[in-house]
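The values are calculated or read from the model by the stated rules, or taken from the named source; none is laboratory data. All of these numbers come straight from a predicted model, not from anything done at the bench. Here the Cβ positions follow ideal geometry from the backbone for every residue, glycine too, while neighbour counts run over all protein chains shown. Areas reflect the complete protein model, heavy atoms only, side chains present, ligands, DNA and RNA absent. Shrake-Rupley method; radii C 1.70, N 1.55, O 1.52, S 1.80 Å.
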Amino acid sequence: MRVMLRQAGMELRSLMLLRWTLLLPGAAAVWMLLHTWRLRPESSQDVNLYAAETHIMLLMLTTAIPLLLGVLLMRRDLLHPSAEWLFRLPVSAGGWMAAKWLAGFAYMTLYTAAVSAAYAASALRHGLPLSSIWSQIGTYALLYEQSFALSLALGLFLGVLLPLRFSLPAAFCAWVFGSLFLQAYIRPAYEWNWLKAFYLQPLFDNSLFGNELWSFELAKDELFRGFAFGLVFALFLLIAGSALLGRSKPPLVRSRPWLLALAAFVAAAAAFLPFAALQIQRSEHQQLLEASAAPYKQLQDPALFRFRLERLELEARMLPKSRLEAEARLDIPTVQGKLLSAQNDQPLKYAKEGTVSLLLYPSLEVQSVEINGVPVHWEREADSIRFAEQLFDPRLHLQRVTISYSGVLNEWQSGPGGSESYLAFIRNSAVYLPASLGWYPLPGGDTLLALDEKDRLLDRPAASLTPETDYEVVLSGFDTKLFGTLPAGEAQAGRLKFQGVSADGLTLIGGRFEQVRLAGEPVEIITTAGNVDEAYSFLERFHERRKGLEAVTGTPLDTVNQIFFFPMHLIGTNTDSATRSWHAENNTLFIPQTERRNLDGYAEDALSTLLLFGDTGRGAGNARKGALANNSGQASIAVEIRSAYAYLYNKTSGKDTPFRLESKESAAWIQMRSLIDAAYENGYADNLYRLLEQFRQSGLTLPEPPRNEAGERLSASSVPIVTFEQFMLLWSKFMPETSLMPTTQPKGG
Amino acid sequence: MMLTAHSLGKQYKTGWALRPLTLELGTGLHGLLGPNGAGKSTLLRLLAGMLAPTTGDALLRGSSVRDFRRNGSRIGYLPQNMRVLPQFTARQWLMHAAALQGKSSLKERTRLTDDVLEQVNLRDEADVPARSYSFGMIKRLGVAQALLSASDLLIVDEPTAGLDPEERIRLRRVLAEAAATRVVLLSTHVLGDIGASCREVIVLGRGRLLYHGSTQGLTGFAEDRTWAWETSENEWRHMPLDGLLSARKSEEGILCRALSERSPSPFAQLVEPTMEEGYLALMSRHDSEVLL
């Protein structure tokens, strides 16, 4: 050992004495600085997001270095024809391999250190807290070191195995395959997830990375199994390399190094088993989920199956190993023991005649069902729990159904192109439980999951899951901070309560999120440490806008008091998933952060629109295309009226970054704008505000476009139809002067 | 005996590189001679434990030269061609070699390094990176590291090739000094190096051991076969060249020496042979035996 360490020291010294070797880690650090030091003001200001992307490229490129270095360490001296005298130094074959690996690894650690230092400098410049910086450095340093350890061992092995003219091209090919080709082409094309164990670096093909709080937590199970295999495999490569070195330094017993290599190979094969077991388990679980999902052609409108739910009391406990244990108590209103449709204007559709169907996520196992305190027989099939409707007491209006259930929620899934994400998870420091996934029993509905035309799994959005239901959810056993889409009470004795009346249910997120608040501003932002500054400046800007908008509406705009803003690409099913775009649930606006989707003017507009009209404005495009019309074919000017708010706000505020108008230069909008201008200039601004408020109060919400193929489409009746004629009727009522009346009526919308 | 080889042989797919031979070498300087392709380098590498034998084994103080645990730091080896990493100085290399030998104290390592640097006359260039060394200096550095590494057995392959006469003489002296306590095996094509310093000599030919014994014994192969005579230039031009060893112009004609069973000239007289003539006599006898 002493001799090996001395030789390793000498090898490292020889590397350090080559001038170019010290320049390369510096170059990697400069790369990191270039991408993180100065951020474009119009893009996200989250330095961790840029650092994550830079790490992907850097690690992909730098794995070439240990591979080539490994070859050179072997071939430039030890196995050079003129350097055979080195074999007479008192260093064993294994000692040579170990010494060269140690020296190369120590040298490669300079890259990790240089890149980490560059990141830390940028992060400190952007004011990130030390805890966030350390956590990021720790995560990525681990990935770098593991990749370097394996790549270097492979390089050394190739160096021993092949002459220089072959080993260098072989090492280059190994880099291309192990760092790029397997990730970019082979695994996504064939969905051979077991191939990930043979990646030289795990970042290039890891769609889970990019969220500083959740990524590592979600990826670590697979990463650690991959690391264990990678390290044992690296050990095998080193031992096999030592055995090959026996050609130049023959051992006393020739078979001994080969037996050791064989043992190491067996150990590597054994270390692969846990990794393979995880992949098999995931694959089987995904098949289970797909079996419970509705095929594309059989998708039905979930609203038809929903029955009324008066109240839901839920007590949920987190247990070790991602296990959830819960008891749900549902108060279901009935008339003579019959369910009532959640949509008052439509009769209830039964999934199976005479049975009550509730949806509960298929991974959750039901232990018991009681109706009004009496245990009953129930059936569990895929994601539904069914029992006979006749078990209800016809004398009672409210039937109390109590369901006890438990299960593991660690819902990995693979989407198009092999992209990975989680539908739901509970870990010690990361929690995501979306309301629409049915982590508590949902009344009726079609299915929780669907399949698209290519039989890919899709989640189904959370629109109006439980109209007007009173929720009381008590959570315990969770080790991390939890945030929900329902108002939270004070945590007491480790129990946290969420309570409120809601249609969208309760989505929970958990982790070391930051709460960014501004005095006097009711909206708070739940985000990652990297976004705190941007979130704060957003709140400052929005506070001004809120005051302006409230002046126009004359009422407080307080329907939203929370924004979830962090990278969400790792949750949900695919790129069109509900989780990947702006959406609102109860009092919460979800903004899935990307480099370009940040807390900019568009986010201000989305929040403004949500506060004013109850949607995020994503349906305006569809509305403009003439989707909105009344029975007699007259175009709706709902979009123009909504735009009038933005127009008026811009007019009064005189801000540089105006509230973007949803309306284009249509005839109706040109006419309306001239009316607004005239009224405003004649001192009738207040009349104008009151006029617009009439329309706003009667509903100007635009339906959100379907979020994915399984998305619930709002029926035509939910679209606000306001014709220009109706607008002018009210106009004449609110405007005292006839000179403010238009002379002609615009054609078209 | 410190170094013994029993039936030591090496066979490749193409045939025997070294047919099984048995040797016993004690402390002292031993020369190894043989034409190109005779198996000298194979024998040296087998004895240095850098090649696995096909038959037999070589033992140093009773344990195999490939027994790393026992003999890892007892054998020094200097191959024919030597390369060192150019960024290191001679001192850095030698200090490292001393450290690997288990010399833990810096003082001792420094003393040993200074000693060998002095012995190979590299002290003045000891702190200059090897990239600026000449071929001869690298060779001397190689000898120095082999000396440092060899407590029992020192194997040197063509150490004097490329050295100027002064350095050659110095190196012979160094090897002779080293041989006082070790087995030193010197392979060379320069018979003068062996004649000047070796007590015993090993001769290989076509992968076989042809001779192992004293230098006088080798000379003896040319006994009664070495002829000398003086002849005129005209006669010399028409003379057959078989067995002719040398022809040197004298005042009266040309002085010739030849190896032959019979007198090559009526004027030829048997003379005292040299070791080189003994070696040539041995090789020619071996060649004719092989041809027969």
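Just a few scattered comments:
- B:Leu204 long-range amide H proximity, modeled H, under 5 Å: B:Leu33, B:Gly34, B:Leu210
- Cα gyration tensor category, rounded, prolate or oblate, for region A:2-290 with a/c compared to 1.5: oblate
- Once backbone amide H atoms are built at 1.01 Å from N, B:Thr54 has B:Gly9, B:Lys10, B:Gln11 as its partners under 5 Å, excluding neighbours fewer than 5 places away on the same chain.
- Distance (nanometres) between label positions extended 7 Å along Cα→Cβ at A:Ser82 and A:Glu290: 6.1
- If you run the Gaussian network model on chain B, springs between alpha carbon atoms under 10 Å, then out of B:Glu252, B:Glu261, B:Glu177 the most flexible one is B:Glu252.
- Within the straight-line cut-off of under 17 Å between alpha carbons, the lysines reachable from A:Lys196 are A:Lys220, sequence neighbours fewer than 8 places apart in one chain being disregarded.
- Degrees between helix B:135-149 axis and first principal axis of chain B (Cα, 0 to 90, nearest 10): 60
- Among the GluC sites (Glu not before Pro) within region A:187-274, those in coil by DSSP and having at most 14 neighbouring Cβ atoms inside 10 Å are A:Glu191.
- Of all lysines in the structure, the ones whose alpha carbon falls short of 17 Å from that of A:Lys297, not counting any fewer than 8 places away in one chain, are A:Lys454.
- Under-5 Å amide H pairs with A:Ala584, H placed in peptide plane, nonlocal only: A:Phe590
- A:Arg517 paired with A:Ser368, simple spin-label distance in nm, labels 7 Å along Cα-to-beta-carbon: 4.1
- Listed by chain and number, the aspartates and glutamates placed with their C-alpha closer than 13 angstrom to that of A:Lys651 are A:Asp677, A:Glu681; residues fewer than eight positions away on the same chain are left out.
- Choice from B:Asp164, B:Asp193, B:Asp152 with maximal GNM fluctuation in chain B (Cα, 10 Å cutoff): B:Asp164
- Residues in region A:558-567 carry Karplus couplings, in order, of 10, 6, 10, 10, 8, 10, 9, 10, 6, x Hz; the curve used is 6.51 cos²θ - 1.76 cosθ + 1.60 with θ = phi - 60°, and Gly or Pro positions show x.
- Between helix A:667-681 and chain A there is an angle of about 70 degrees, using the helix long axis and the longest principal axis of the Cα atoms.
- Rounded FRET efficiency, nearest 0.05, which uses the C-beta distance separating B:Glu223 from B:Thr55 and R0 of 45 Å: 0.85
- Total lysine pairs whose alpha carbons fall under 26 Å of each other in region B:1-139 (8 or more apart, or interchain): 5
- For chain A, the relative contact order works out to 11 percent when only alpha carbon pairs closer than 8 Å and six or more residues apart are counted.
- Solvent-accessible area per residue in region A:2-290 equals 40 Å², computed with a 1.4 angstrom probe and all protein chains kept.
- Area hidden from solvent between A and B (accessible, protein heavy atoms only, 1.4 Å, total, Å²): 3100
- Rounded percent of accessible protein surface that carbon and sulfur make up, chain A, 1.4 Å probe: 58
- Between the Cα long axis of helix B:90-100 and the first principal axis of chain B there is an angle of about 70°, rounded to the nearest 10.
- The spacing between region A:151-166 and region A:5-42, judged by their C-alpha centroids, is 23 Å.
- Ordering of A:678-684, A:444-450, A:643-649, B:80-86 by burial proxy (mean other Cβ atoms within 10 Å per residue, highest first): A:444-450, A:643-649, B:80-86, A:678-684
- Part-to-part distance (alpha-carbon centres) for region A:62-101 and region A:252-316, which is given in Å: 41
- Prolate/oblate/rounded label for region A:475-554 (Cα gyration tensor, a/c 1.5): oblate
- 3J(HN,Hα) from dihedral phi, region A:378-395, Karplus parametrisation 6.51/-1.76/1.60, rounded to Hz, x for glycine, proline: 9, 10, 10, 9, 6, 9, 10, 10, 10, 8, 6, 5, 5, 6, 5, 7, x, 7
- For region A:479-583, the solvent-accessible area of protein heavy atoms averages 38 Å² per residue (probe radius 1.4 Å; ligands and nucleic acids excluded).
- Å² of accessible area per residue within chain B, as computed with a 1.4 Å probe and no ligands counted: 46
- Alpha carbon centroid spacing (whole Å) that separates region A:371-408 from region B:189-211: 102
- Residue-by-residue Karplus 3J(HN,Hα) for region A:328-344, coefficients 6.51, -1.76, 1.60, Hz, glycine and proline x: 10, 10, 10, 9, 10, x, 9, 10, 6, x, 10, 5, 10, 5, 6, 9, 4
- Using a Förster distance of 60 Å, the FRET efficiency for A:Leu17-B:Thr22 (Cβ separation, nearest 0.05): 0.80
- DSSP-loop chymotrypsin sites (Phe, Trp or Tyr not before Pro) across region A:190-279, with at most 15 other Cβ within 10 angstrom: A:Trp192
- Shielding by other protein chains, A:248-254, mean Cβ within 10 Å: 6
- Förster-model FRET efficiency, 56 Å R0, A:Leu398 and A:Ile670, C-beta, rounded to 0.05: 0.55
- Relative contact order [Cα under 8 Å, 6+ residues apart], region A:2-290, whole percent: 24
- B:Ala180 versus A:Lys220: modelled label distance in nm, points set 7 Å from Cα along the beta carbon direction: 6.7
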